[in-house]
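One structure below.
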Amino acid sequence: MYSLKNEKDKLRREYLKKREELDCEYRKNASYAVCKRITSLISYRYCTTLLLYCPVNCELDILPLFEIAICDGKSVAFPRCDKARGTMNFHFVTDMSELKKGAYGIREPAEDLPVYDKKSKDAICIIPALVYDKKGYRLGYGGGYYDRYLSDFKGTKIGTGFSGFTVSKLPHSRYDTKCEVLVTEKGVVSFYEN
């Protein structure tokens, strides 16, 4: 019997292994290229808020965007997960020292820091994933935090990934949220038409 969860779990294992096998220097150079491409986007130029993530498990390191965005006069927020509710909110951060190890061992902001209003259209959310497909669907770690958060997010959804981590079609359900743009070290792909 077909199981969406089993198919996704198999792909997760495959792409986690593939990502772990990437050369450290390649990951570093790819991270730099992705950050540079993001800051060259029109949507970055006109946004007032940048929603970032703290990389884990050999993800692209997008943290240099924090200093760039602050220097560009933008507000920056990072996610904080509520494991009990299975939800996530982004809290504004003015210094990286405000991030402490939290849910799932990922650095996150304190609960009392101001929360970003996701109904505002002036933001970009930079979204991590293991793999993307040609329509903008992503495969994350299986917790569903980003899918739930992005379901009513009004800003621009930008996925980040390594160039070899794209497939023709990913298994997805009606609850899975698409990215509008994918940025890799080799280029930018728009999914607005898909």
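Data for the structure
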item	result
Cβ-derived FRET efficiency at R0 41 Å, Lys169 paired with Asp112, nearest 0.05	0.45
Accessible surface, per residue, of the stretch 13-52 when the full set of protein chains is kept, probe 1.4 Å, Å²	62
Options [x] 19.3, 87; [y] 17.6, 65; [z] 15.8, 53 - which one matches Rg and Dmax of the Cα atoms in Å as calculated here	[z]
DSSP-loop chymotrypsin sites (Phe, Trp or Tyr not before Pro) across the stretch 1-69, with at most 15 other Cβ within 10 angstrom	Tyr2
Net charge of Cβ neighbours under 13 Å - reference Glu98; Lys, Arg +1; Asp, Glu -1	0
Antiparallel DSSP beta bridges within the chain, percent to nearest 5	55
Chymotrypsin sites (Phe, Trp or Tyr not before Pro) within the stretch 93-193: DSSP coil, no more than 10 neighbouring Cβ in 10 Å	Tyr175, Tyr192
Heavy-atom accessible surface of the chain: percent carbon and sulfur, 1.4 Å	52
Relative contact order (%) - criterion: Cα under 8 Å, at least six apart; region: the chain	21
Cα coordinate range in the stretch 124-194, projected on the principal axes (Å, largest first)	29, 24, 21
C-alpha center-to-center spacing [the stretch 5-29, the stretch 145-194] in angstrom	17
The stretch 103-194: GluC sites (Glu not before Pro) falling in loop per DSSP and having at most 11 other Cβ within 10 Å	Glu111, Glu193
Listed residues Ile42, Ile126, Ile70 arranged by accessible area, highest first, probe 1.4 Å	Ile42, Ile70, Ile126
Exposed trypsin sites (Lys or Arg not before Pro) absent: longest stretch of the chain, with sites in DSSP loops and at most 15 other Cβ within 10 Å deemed exposed	1-82
Extension reserve of the Val56-Glu7 stretch, reckoned as 0.36 nm per residue once the Cα distance is removed	15.4 nm
Beta bridges by DSSP in the stretch 1-95, antiparallel share as percent, to the nearest 5	70
Mean ellipticity per residue at 222 nm, deg cm²/dmol - from DSSP H runs of n ≥ 4 across the chain, formula -39500 (n - 2.57)	-8000 deg cm²/dmol
Projected label distance in nm at Lys119 and Tyr46, using a 7 Å step from Cα toward the beta-carbon	2.2
Amide N proximity, the stretch 97-133 versus Lys18 label position 7 Å along Cα-to-Cβ, cut-off under 11 Å	130-133
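The values are calculated or read from the model by the stated rules, or taken from the named source; none is laboratory data. Please read all numbers here as calculations on a predicted model, not as lab measurements. Every residue, glycine among them, receives a Cβ derived from its backbone with ideal geometry; neighbour counts consider all protein chains shown. The protein model used for the area step is the full one, side chains on, heavy atoms only, and it has no ligands, DNA or RNA in it. Shrake-Rupley method; radii C 1.70, N 1.55, O 1.52, S 1.80 Å.
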